[in-house]
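First comes the structure, then the notes that go with it.
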Amino acid sequence: EVVQVGGIGVMAFSNMAELVNYVIQDDGTVFSGSAIAMNPEKVIAASKNPELMTILNQADVRYADGMGVVKVMRRKLGRKVERIPGCELWQALMAKAAITKTPVFLVGAKPHVMAQTVEKLTAMGVNIVGSQDGYFKDENELMSRIAHSGARIVTVAMGSPKQELFIGKCQKLLPEAYYMGVGGTYDVFTG
Ligand code: UDP
């Protein structure tokens, strides 16, 4: 169910498990598309920045990661809508990807943060098919590597809107994967 918040459609999820199951079904089927976390700051920024508005509108799923957005949705729907923190969503998705053996490619953050993230996820049983820190030079080479990796989930931590712009390009090469911009999530995960 989609609710308009500041002119942007945000999907209402009762809880995080519902969104996790939407992205990775129990049989391992992965949602093809991209998801973006919505908060009041982004709604306001988008109203002043057409490029950001386009990026937000091009995402296949927008979910509420911000109480301001959750409150608007609850009022409009008259039912429970839970805030879904992007960082927790990413960890829950990785846990489910481990169970379903879904191939994951990680992009972003500083080299040592990425190395620790890969190590920790591998220990959790996640099938990491490739990784790249966020300070690469050849974007096309990286996108080609992702497209050939067999990845079905690609998470990108380079800050906004850099990560969203990268995801937009990568989706053209590998449309069947699920993409998520995760900001400082790897830093939190390893910190
Ligand atoms: N980052 C990156 N490449 C860049 C810029 C940033 O990989 O060119 C990483 C940075 O190391 C951090 C993450 O992006 O792990 C989030 O950065 P920041 O906190 O600036 O973004 P925000 O979460 O505030 O959008």
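Read-outs: derived from the displayed coordinates by stated rules, not from any lab. The model shown is predicted, which means the values in this text are computed figures rather than measured ones. Every residue, glycine among them, receives a Cβ derived from its backbone with ideal geometry; neighbour counts consider all protein chains shown.
In the chain, the DSSP-assigned H stretches of four residues or longer account for a calculated mean residue ellipticity at 222 nm of -14000 deg cm²/dmol, using -39500 (n - 2.57) per stretch and the full residue count as denominator. Name the residues of the range 129-155 whose amide N is less than 19 Å from a point 7 angstrom out from the Cα of K162 along the C-beta direction? The answer is 131-144, 146, 154-155, whose backbone nitrogens lie closer than 19 Å to the label point. Counted without the sites themselves, the longest stretch of the chain free of GluC sites (Glu not before Pro) in a DSSP loop having at most 14 other beta carbon atoms within 10 Å is 2-175. For K80, a cut-off of 27 angstrom between C-alpha atoms picks up these lysines, skipping any fewer than 8 places away in its own chain: K42, K71, K96. Answer with one residue from A37, M53, Y22: the one whose Cα lies farthest towards the positive end of the charge dipole of the range 2-77, charges on Cβ with Lys, Arg +1 and Asp, Glu -1. The one lying farthest along the dipole's positive direction is M53.
Can you compute the label reach from Y135? Point 7 Å from Cα along the Cβ direction, backbone N cut-off under 18 Å, restricted to the range 144-173. The answer is 157-160, 162-163, whose backbone nitrogens lie closer than 18 Å to the label point. Put a plus charge on the Cβ of each Lys and Arg, a minus charge on the Cβ of each Asp and Glu, and nothing anywhere else: the dipole of the chain about its Cα centre is then about 520 debye. Of the Cα atoms belonging to the range 20-90, the radius of gyration and Dmax stand at 13.4, 42 Å. Annotation: extensible slack from K120 through V188 equals 23.2 nm (criterion: 0.36 nm per residue apart, minus Cα-Cα distance).
Legend: Rg and Dmax of the range 116-191, from Cα coordinates, 12.1, 33 Å. With charges only on Cβ, +1 for K and R and -1 for D and E, what is the dipole size of the range 2-77 about its Cα centre, in debye, rounded to 20? Around 500 debye, computed over the range 2-77.
Dipole of the chain computed with +1 at Lys/Arg Cβ and -1 at Asp/Glu Cβ about the Cα centre; of P111, M67, V129, farthest Cα towards the positive end is M67. Measuring from a point 7 Å past the Cα of T29 along Cα-to-C-beta, which residues in the range 59-82 have an amide N at less than 20 Å? Answer for this model: 60-62.
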